[in-house]
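Chemist: Sharing a structure, written as structure tokens. Questions coming.
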Amino acid sequence: MKIYMNGKFIEKADAKVSVFDHGFLYGDGAFEGIRSYDGLVFRLKEHIDRLYETAHTLMIDIPLTREQMIQAVVDTLKENGLRDAYIRLVITRGEGDLGLDPRKCIGKPLIVIITDKITLYSKDLYENGMAIITVPTVRNHPEALNPQLKSLNYLNNILAKIEASNSGFSEAIMLDGSGYVAECTGDNIFIVKNGTLSTPSHGRLKGITRDVVLELASQCGLNVFEGQITRHEIYNCEECFLTGTAAEIIPVVKVDGRVIGSGKPGDMTKKMLALFKEATRTDGVRY
Ligand code: PXG
């Protein structure tokens, strides 16, 4: 496996980062998780735009244009001969000293692209749905660390994940500081009721898969609601599902012990998954 590091392809065993890198010392950086399907990088431009927006807010000046970054992703996939892949793009502020001050990072930011085979969730989860719980750790306050930033500091989500797995669950709902549903640790959340598809409008990552689902729903004539959602609405919806690059669309059939709808993956969820699969065949950058 070859890793892209600042313009060079390095063997996995030799792809090392300095202990003075601010990504290592402080989680000072940004990342993206992207997928390719049969030689098509799904919504690559949107992922790159989100990466550059995170970097802009963090005041990390990525030394490549967006077009060059797209090319670097494609080149890494070709170098590794991968047609169906998970792509992890990581940017750090680069090497500094043992202080927080970003001005001490005088070299260039570090750009790493790792491409690997995708590990899929089990078929059983897609066919029968998953049970999830709400965890005590709330999602970061937008004025502390905005959940829209896909920063390298993912401890908020990791703490929530630990709480979920301590209770025997693989995914968890995180509420925002006001008690409204924000998202899951690595996925956005949707509910369906009376022909309306609803998802939280704030306090969550603006997922690429989320955006695709919202577009598909509008095309299908479904009403779409983006706003504040409570757990009560989740417990009493007809269908619930999660979206993310890795998981795609995964049905949820139980939340905090409450059975959702019929207790089986719903028709709208199945329809969205079929339409999403269709989109992954046409929508992206071909290589
Ligand atoms: N919310 C959060 C907090 C995420 O990290 C999503 C939603 C879904 O966004 P996309 O753009 O993928 O539709 C994510 C992204 C993992 C893992 O290993 C998952 C994500 C990121 C990093 C790692 O499960 N999901």
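Chemist: Given the condition of a type in the set (Lys, Arg) and not in a loop (DSSP other than H, G, I, E, B), answer yes or no: does some residue in region 149-168 qualify?
Modeler: The answer is yes, given that some residue of region 149-168 is of a type in the set (Lys, Arg) and not in a loop (DSSP other than H, G, I, E, B).
Chemist: Only one of these conditions is not met by Asn194: (1) on the phi > 0 side of the Ramachandran plot; (2) assigned by TED's automatic domain parsing to the domain that holds Pro251; (3) buried (at least 21 other Cβ atoms within 10 Å of the Cβ). Which number is it?
Modeler: Here Asn194 clears every test but (3).
Chemist: Could you please let me know if Arg35 is outside any helix (DSSP H, G or I) and either of a type in the set (Lys, Arg) or more than 13 Å from the ligand (Cβ to nearest atom) (or both)?
Modeler: yes
Chemist: Within region 227-280, can you find the residues that are among the hydroxyl-bearing types (Ser, Thr, Tyr) and either in contact with a helix residue (DSSP H, G or I) (Cβ under 8 Å, 6 or more places away or on another chain) or over 30 Å from Lys117 (Cα atoms) (or both)?
Modeler: Thr230, Tyr235, Thr243, Thr245, Ser262
Chemist: Here is a follow-up. Restricting attention to region 223-269, report how many residues are over 21 Å from Lys206 (Cα atoms), free of Cβ contacts under 8 Å to residues at least 40 places away in the same chain and part of a strand (DSSP E or B).
Modeler: 2
Chemist: Please state which one of Asp124, Asp101, Asp187, Asp176 is within 14 Å of the ligand (Cβ to nearest atom) and surrounded by fewer than 22 Cβ atoms within 10 Å (Cβ to Cβ).
Modeler: Unique residue meeting the criteria: Asp176.
Chemist: Name the pairs: first residue in region 115-143 and among the polar types (S, T, N, Q), second residue surrounded by 11 or more Cβ atoms within 10 Å (Cβ to Cβ) and assigned to a strand (DSSP E or B), Cβ to Cβ under 6 Å, at least 6 apart or on different chains?
Modeler: Between residues of region 115-143 that are among the polar types (S, T, N, Q) and residues that are surrounded by 11 or more Cβ atoms within 10 Å (Cβ to Cβ) and assigned to a strand (DSSP E or B), the close pairs are Thr115/Ala85; Thr115/Ile87; Thr134/Ile173.
The values are calculated or read from the model by the stated rules, or taken from the named source; none is laboratory data. Note that this is a predicted model, so its numbers are computed, not measured. Here the Cβ is made from the backbone with ideal geometry for all residues, glycine too, and neighbour counts use every protein chain on show.
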